[in-house]
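Only the coordinates and a few stated rules stand behind these numbers; no lab work does. This structure is a prediction, so every number in the text was calculated from the model and none was measured. When we count neighbours, we look across all protein chains shown, and the Cβ atoms used for this are built from the backbone with ideal geometry, even at glycine.
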Amino acid sequence: MKNKFLYDFISVGSLSYDRNRYDEVIDDKLVAGGAAAYSAKTSINLGLRTGMITAFNEDYPLKKYLKQVDLITKNKANLPIFYNYFSGQTREQKLFDFSTDITNKNLPENLSSKILFVAPLFDEISSDCYEWFDHEISCLVPSGWFREKRDNSSIFLKNNISKIHKGKWDIIVVSSDEIRSSNINLSDLINISKYLCVTKGNDGVEIFLSDENFSIPAFEVIHKDLNGAGDVWAASFTIAISQGKNHIESAKFANACSAISIKYKGLDFTFNEREIYQLVDSL
């Protein structure tokens, strides 16, 4: 049977660079990143036809990390730089040079995807993005819509839940830190998604489905880079759900993908289903 969608997976969001500091270890090198990139790389690794609606510049290493991704938009922008300060698994951020705006202007008329994956980095995507093209399942990682910036470029989180279209997101993925820091009422998020997934770092993930909640433990690995872990988790969970796995199977699958990804720096990660299930079966 012919697939009715042009793509299996389309990610929407800005690309970016990260500059990281782990406790007293400082790395001044710019690392290519962005939630759209982490999710698209995950989709590629899992063998999906992948597109990306984003903005980029010529310096970003697309050919190195994302050469199999179809850039649906050709918009160019000065990409933002995140300065990330990690203490354990707690992250503080500063954001510089953000001027990106991603719209549905000039999208192909016949554009469609089985999965719509939306992950704003700041406020570059309008809240009507759910309606940009036909899709079967949607996932929102709303971190960027909660971010606000102080005069010194430091990031804080605000309860901007009004930017999320109520009742239209199948999956919403947030971290426990985001919920706490932005004072979001958990029940508000539960009411506007089929699956609400709250990632908790080393403590795994909690999934809220209807009137029930389920906790799935994380895999313990030695990490090199924690950036993008939540984006990899969200993308792989959504892909697993779209392939017919239940929420527990999908969460274990996503935990394994995320655990493998953080053993690498930035977008250097790679995995396949055999490696993933070897980790899942080790429990």
Under a Gaussian network model of the chain whose springs join Cα atoms within less than 10 Å, the largest fluctuation of 182, 210, 14 belongs to 210
The long-range amide H neighbours of residue 15, using H built 1.01 Å from N in the peptide plane and a cut-off of under 5 Å, are 55
Expected max-MSF residue from 139, 129, 197 in the GNM of the chain (alpha carbon, under 10 Å) is 129
With the dipole of the chain defined by +1 on each Lys or Arg Cβ and -1 on each Asp or Glu Cβ, the option from 153, 232, 184 whose Cα lies farthest towards the positive pole is 232
Which of 243, 93, 68 fluctuates most in a GNM of the chain (C-alpha springs under 10 Å)? That residue is 243
Restricting to Cα pairs under 8 Å and 6 or more apart, the percent relative contact order of the chain works out to 16 percent
Phi-derived 3J(HN,Hα) across the stretch 244-256 with the Karplus relation (6.51, -1.76, 1.60, θ = phi - 60°), rounded Hz, x for Gly and Pro, is x, 6, 7, 5, 6, 4, 5, 5, 5, 4, 5, 4, 5
The alpha-carbon center of the stretch 36-78 and that of the stretch 153-175 are separated, in whole Å, by 23 Å
